[in-house]
Structure formats: C-alpha cells, structure tokens
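A short worksheet on the structure shown next.
Since every read-out is calculated from the coordinates, none of them should be taken as a lab result. Predicted model only: the values in this text are computed from it and were never measured. Because the Cβ atoms are built from the backbone with ideal geometry, glycine has one as well, and the counts that use them run over all protein chains shown.
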Amino acid sequence: MTAKEKPKIALPKGWTGNVRSAVLHVIGLAQYATVYTRSWAANSPNERMRLKAENDRLEAEVALLEEEIRIKDARLLCLDPRKRPQYPPTERMAILELRAARSWSRRRTAVSFHLTAATITSWMRRLDESGPDALVQLPEPVNKFPDFVRYSVQRLKSLCPSMGQVKIAGVLARAGLHLGSTTVGRIVNEQPPAAPPVSEIPETDERHVTAKRPNHVWNVDLTTVPISGCFWTPWSPFTLPQCWPFCWWVAVVLDHYSRRVMGFAVFSNLPSSEDIQMFLDRTIRISGASPKHLISDKGGQFWCDGFKDWCDRLTIKPRFGAVGKHGSIAVLERFIGTMKREGTRRWLIPMCRTTFRNELKLFIDWYNEHRPHSALDGCTPYEVYHSLAPANRQPRCEPRPRWPRKSRCAKPQTLVAGKPGDEFTLKIDFVEGRKHLPTVTLKHAA
C-alpha cells in the first residue's frame, strides 16, 4: 500500500442502518442517565446543587424546543419565498405584538418569521389603517358584537390555548359576558374535536348507582405522570420503568355528584392496597365525610380482601367497574385527562415530591373553585358541593347597544346588569402566576 492510497476498512453489510440505530440507542441511554443524575441532584441537601439541576433541566428543555422549531422552519424554507402562504392581517398584528414584547429589531423579527425587513417596515407604517382592507387588523366583530368583545375572546384563547369554545363561553358567563359556544367558535375560528359520548356508569348486570347528593358516591383511581416526557426507549422492552425518577404515581378520589376532587396522593412507585387505604383514611378525615359507595376499577389495590375488609369496617359499599371498559369510571377518567391536558403537560414535571405536590394542589384548587364544568351547566364543583349560587347566573353584561332587554340570550339566561351597550375590559389573572390556571373577570370601562 502506497502513502497516497487510503486504507480499506471492511464494513458489515447494512452498516448505515446499524449506525442510525446506534445513534438512537446512545441518545436514549444518555437521556436515561441524565434523568437519574438530575433526580439525585434534585434531592440534594445542597440548595445550590438543586438550583443547578433545575437550571440544567430548563436549559435542556429550551434547547429541545429550539430544535423542534428549527425542524419545522426547515420544512417551510423548502418552499420558494414567492410561494409561501402569507400571514393574515390578524397574525401580522400578533407578530408586531410579539416584536414589542421581545424588543426585537426589524431584522430579527424578519428572520424569525421568514420575512424581509422591508415587510416589517411596511406593516409598521400602515399599522393605524382602518377598514376591512387594512394591512394589519385586530380581530373583527362577529354578527352584532363590537370589536372589544371579539378581541377579548381572541386574547383569552391565545393566553389560555387549552380552553375550547364551550369552556371559554363558560368562563365568560361566570364573569358576566354571555356568549353562545358556537359564537365563541366562530370568533376563535376553531372547531374543537367532538368528544365521543361515553357512559358515566358502567353497563353491568348489577344495579346502577346514581349519585343523589354530595358524598354519596366517590370514585378513586390511579394514573402515572411522566417526568421525562414519555416512556418510550429505542431498546427492548421499548419502555422506561414506571417509577421515580421517570414518573410519579398519582391517586385521585372524586365526588361523583359535584365532580369535586376530594383528595390526591403522590407515590414514587406503584402504591399497594395498604397505601391506598391510608390515603382514603386521610381524605375522609380531612373532608369530614365518607361516601356510601366507592367506585374503582379492578386493579390489584382494590380487588383484594384487604381493601374489601377496609370498606366493611367503614360501612362503605365498594363497587367495581368492568374489566376493559373505558366508561366504568368515566367521570374520574375525564378529570385525569383534564389534569394532564390542562395541567401537567403545561409545565415541566419536577423531580422533587414537595414541589410536584404543590403544583398539583394549585391545579386541583383551581379546578374545584374556578373552572366551569359543562356537566354542571357551567357551575364549578365547589359551588355544587357547597350549594352556592352559581356565578354564571348573576346579572350579565350586554355590549350590544340595541339589544332588547326581554330578548333571550345565550344559556344560562339571566337579566342584564346596567344598560345595553356598556363597554368593559377583560382582566385575566393567574393563580400564583401559573399561566395554565387563569381566572377571568370583567370590569366596566370608565
């Protein structure tokens, strides 16, 4: 072999595929090791070590989000600039609002949204144009509602994207502005996915139990909340262990009549039947009430002699859903889906048990006291449980100046406070600064 000749290395057949698989395995193993290292640091007695671990986790999350945005931008950049879809007038206003919030220059704004600096300059010059042909526009009114109603709904949707049209209508009704859910749907220009109808009580040969009052029927169930995103790995058995530091186990008990969450508990591993019994004892002691019926699935924690004996001691009648039936404990399953969709998936799940419990408690308190429930006609679980006057049945605002007082409005139908045509401002607060826990109020404009 001469000095100019390159050495020939015999590579295995299909080596490129092996290399690609190896890359995924390396990334998966690195993530596995990183989670374990952060879990050790998150529980370190050294405060600086805990802060360093949390800072490292946040930096990693930012880097992954930037990579996700880069991949999506790469797809858009494949199109010729002249063939790319144009931003509608309302999105142009949103871009300028983001530019003001981030203090970006024209060039930085143009680079972020694949535009030219001249385009941003043109938008700024024509910012105050009015009329339907304006280059930059705020959301326009729907039907007879004025501008500020449509803009308020749009801002509420952008700040609380987890809310659907029914939930937005319920929240605004509690604040005093009654809009139909279809009206809200037209305003936000979205059609939320229609949830398939499910039976809240399992269809079995046994007699159905109907909740007639608070603390008559309780539901209890377990779920996992992943800490590091999900459980998938590129190697067999293609899943991470379902225990800390990869996930938390959460037990929830809910009052069927009012949909109020009575209590919850957080576990590092799959809890035993004794753990569940202690959790239920604590919930009964704190709430000062016990149910007549307790519905659960046939998990090992419930379908055992120890749990049945515990129910006998407290004169509670245990009832069990059918195996493999999604609707066996549908009310509690729906709450768990809401908790994950509107709660845990909106923030990084902490590795510290105390921090996670505090965040979960904030969400459950907000769910009980501030979130309207569609099955309760827009009332909150707290109002139904304590038999309070619903906020959405208080006198409402009427922004349409020529609206007849005796005409029917969106449900629930209530009287008009003040006079038709009153303007208001929308005020959105957040519980403890959590953006996924909004509270909405209306104030009459001066």
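Compute the Kirkwood hydrodynamic radius of region 379-428, taking the inverse of the mean of 1/r over all pairs of distinct Cα atoms, and give it in Å to one decimal.
On the way: mean 1/r = 0.0803 Å⁻¹.
Its Kirkwood hydrodynamic radius stands at 12.5 Å.
Over the Cα atoms of region 17-77, what radius of gyration and what Dmax do you get, in Å?
15.5, 48
Under Stokes-Einstein, with the Kirkwood radius over Cα pairs standing in for Rh, what whole-number D in µm²/s applies to the chain at 25 °C and 0.890 mPa s?
Here the translational diffusion coefficient equals 94 µm²/s.
On full extension of the chain, what length is gained from LEU77 through LEU29, given 0.36 nm per residue of separation minus the C-alpha to C-alpha distance?
So the extension gain works out to 14.0 nm.
Anyone know which of LEU362, LEU58, LEU156 comes out most mobile in the 10 Å Cα GNM of the chain?
Comparing LEU362, LEU58, LEU156 in a Gaussian network model of the chain, the most mobile one is LEU58.
Per-residue counts of other Cβ atoms within 10 Å, averaged by peptide: what ranking do you get for 23-34, 331-342, 427-438, 392-403, highest first? Mind showing how you got there, number by number?
On the way: 23-34: 12.8, 331-342: 18.3, 427-438: 14.6, 392-403: 16.6.
Descending packing order for the listed peptides: 331-342, 392-403, 427-438, 23-34.
List the extent of the Cα atoms of region 313-414 along each of their three principal axes, largest first, rounded to whole Å.
Principal-axis extents of region 313-414 (Cα, largest first): 58, 37, 28 Å.
Using +1 at the C-beta of Lys and Arg and -1 at the C-beta of Asp and Glu, which of ILE95, MET124, ALA110 has the Cα lying farthest in the positive direction of the dipole of region 81-125?
With unit charges placed on the Cβ atoms, the residue in question is ALA110.
Give LYS157/LYS212; LYS157/LYS419; LYS292/LYS361 a once-over and call out the pairs whose C-alpha atoms are over 31 Å from each other.
LYS157/LYS212
Which of GLN413, LEU76, VAL26 sits farthest toward the positive end of the charge dipole of the chain, with +1 on the Cβ of Lys and Arg and -1 on the Cβ of Asp and Glu?
LEU76
Using only the Cα atoms of region 39-108, what do you get for the radius of gyration and for Dmax, in Å?
19.0, 58
In nanometres, what is the gap between the two model label sites at SER272 and ILE286, each 7 Å from Cα along Cα-to-Cβ?
2.3 nm
For a quick check, take a GNM of the chain with Cα springs below 10 Å and name the residue from PRO318, PRO241, PRO132 with the largest mean-square fluctuation.
Among PRO318, PRO241, PRO132, the largest GNM mean-square fluctuation belongs to PRO132.
Of all the Cα-Cα pairs you can form in region 217-369, what percent are over 23 Å apart?
Everything past 23 Å amounts to 37 percent.
How big is the Rg/Rh ratio for region 258-310, C-alpha atoms only, Rh by Kirkwood, two decimals?
0.94
Can you tell me the length gained on complete extension of the stretch SER105 to VAL431, counting 0.36 nm per residue apart and subtracting the Cα distance?
114.0 nm
Arrange the peptides 46-54, 268-276, 78-86 so that the one whose residues have, on average, the most other Cβ atoms within 10 Å appears first.
By packing density, highest mean first, the sequence is 268-276, 46-54, 78-86.
Just to check I understand the Karplus step: with θ = phi - 60° and J = 6.51 cos²θ - 1.76 cosθ + 1.60, what whole-Hz values come out for region 242-247, glycine and proline as x?
Ordered by residue, 3J(HN,Hα) equals 8, 7, 5, x, 9, 6 Hz.
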